[in-house]
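Take a look at the structure set out below.
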Amino acid sequence: MSDVPENKKPSVYDNVTKQFNKAADLMKLDPDVRQILARTQNEIIVNFPVKMDDGRIEMFTGYRVQHNNALGPYKGGLRFHPAVDIDEVRALATWMTWKGALTNIPFGGAKGGIQFDPSECTCGEMERITRRFTFALGCNIGPEYDIPAPDVNTNAQIMAWIVDTFVSTQPPHERQANIHVVTGKPVESGGSLGRDKATGQGVVFTLEEWAKDKGFDLNGATYIVQGFGNVGSWASLLLKQHGSKLMAAEDASGAVANSDSIDPEDLLAYAKENKNLIAGYPRAKPIDHEALFETRADIFIPAALENQITAETAPLLSVKVVAEGANGPTDPDGDEILQERGIDLIPDILCNSGGVIVSYFEWLQNKRSEFWDLEEVDSKLHKRIVNAYGRVRDTAKKYDTDWRTAAYIVALSRLETVYKERGIFP
Ligand code: NAD
């Protein structure tokens, strides 16, 4: 991977490249392994027709990028969003490889999505788009090959439609053996208890470890959250149990703040009645995007999209720690500014890894026809996150480097070992 030419605005994939090169240089990653990991393995683009409610046929473009499967089947979410493109999916797929390697689960990295605005579609259209995309992907996904999951604007219902479409295209006697083709399914359709909250839970587990390290009390601590969907709302609900206080929140509809704090349960109840959006929430005042970043708090949880903490916004933050619920919310300029300003960072591939870890648990339960209770899921998740957190902390010390680079070094070391042990066919 070579860094961005000077006259080009960095893309999300350029950010991944920069992060990768920094870690690979520092750890002196084997040059052969470096070449392999610098490329995605497969990039699938499908164009497919869907009949809309008014009878029109609309063409959609869907993506699935498979970055690497040295550690196990490709694994990663599906995003429905107007900004989805090959560059973004490539970046998200690459981060998934690092995440699986860092958390010691037997999965590689992939990601996919469709470029469209789900808020403009009816439920029936969403179902047909999802089913037709699944059909178009065909055997490019599969329970032992590439396993999608929810991401931005996709949820358990979408996963249920995918599993139903996928198994319907299998021979009858093989249908039941294929339900682990996706994770994040509804519990009744083979999902795992605790998967809905898993990513937010993982964010909070990493914050608990950070607080222990710093001698910081989460009880009474203040936080701001950007993105109040699956990850942002669950992280907020779980921080409430610690006695932490939500001071401001932002989603695609706008931002709100209350200097006496906002009850996340009340905010979520309001959003559920308002198309899952928080604008107009009556027990807080509307604020603009800049004011969100300027809100004084101990913790900032970006849980929306990429490139939010940048050269423009990082100087506005006055927090002690950024816990990256989203993938890639901080660009390399933002990273540098946070470091200069002494703001701690729990990097995305560690902080939001709870989702893929519990996806792994769901996949295992499906394969073994088991059903674990919530305590078992939570305690196994906790153990893995604490373990990964400790390895990142120790590696940051050993290499005297920042936490993002340390997390990369842990992940890349595992991949390097596997490639060296197995060699390259033929
Ligand atoms: P979601 O669709 O449930 O929620 C996304 C939230 O972001 C919504 O509240 C939306 O309104 C908000 N948003 C969208 N555009 C915004 C903007 N421009 N400014 C502010 N807010 C905006 O998605 P999610 O599953 O919660 O995913 C959020 C992030 O977490 C993504 O980066 C995703 O890749 C990452 N992530 C999700 C999971 C998971 O299990 N769902 C796992 C790991 C990482």
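Every read-out reported here was derived from the displayed coordinates using simple, explicitly stated rules and does not represent laboratory data. The model shown is predicted, which means the values in this text are computed figures rather than measured ones. Using ideal geometry, Cβ is built from the backbone for each residue, glycine included, and neighbour counts are taken over all protein chains shown.
For the reader, a short list of remarks on this structure follows.
- Proxy reagent accessibility, fewest Cβ within 10 Å first, across Glu188, Glu250: Glu188, Glu250
- Sorting Leu415, Leu102 by the number of Cβ atoms found within 10 Å of their own Cβ, with the fewest placed first, yields Leu415, Leu102.
- Whole-angstrom gap from segment 177-239 to segment 125-172, using each part's C-alpha centre: 24
- Evaluated over segment 103-186, the Cα radius of gyration and Dmax, each in Å: 13.0, 40
- Rg over Rh, two decimals, the chain (C-alpha only, Kirkwood Rh): 0.95
- Per residue Cα convex hull volume in Å³ - calculated over segment 268-426: 192
- Counted by Cβ distance under 11 Å from Pro73, the other residues give a net charge of -1, where Lys and Arg count +1 and Asp and Glu count -1.
- Here the residues His289, His173, His382, ranked from fewest to most Cβ neighbours within 10 Å of their Cβ, fall in the order His173, His289, His382.
- Axial C-alpha extent at least 15 Å, average Kyte-Doolittle at least -0.5 - helices from the chain (DSSP): 12-27, 86-102, 123-137, 156-168, 198-214, 230-241, 354-368, 403-422
- Computed magnitude of the charge dipole of the chain (debye, nearest 20; Cβ of K, R +1, Cβ of D, E -1): 1080
- One way to sum up the overall shape of segment 201-280 is the equivalent ellipsoid from its Cα gyration tensor, whose semi-axes run 23, 13, 10 Å, largest first.
- 20 °C / 1.002 mPa s Stokes-Einstein diffusion coefficient of segment 69-119, Kirkwood radius on C-alpha pairs, µm²/s: 193
- Nearest-0.05 FRET efficiency for Tyr399 and Asn274, computed from C-beta distance (R0 30 Å): 0.05
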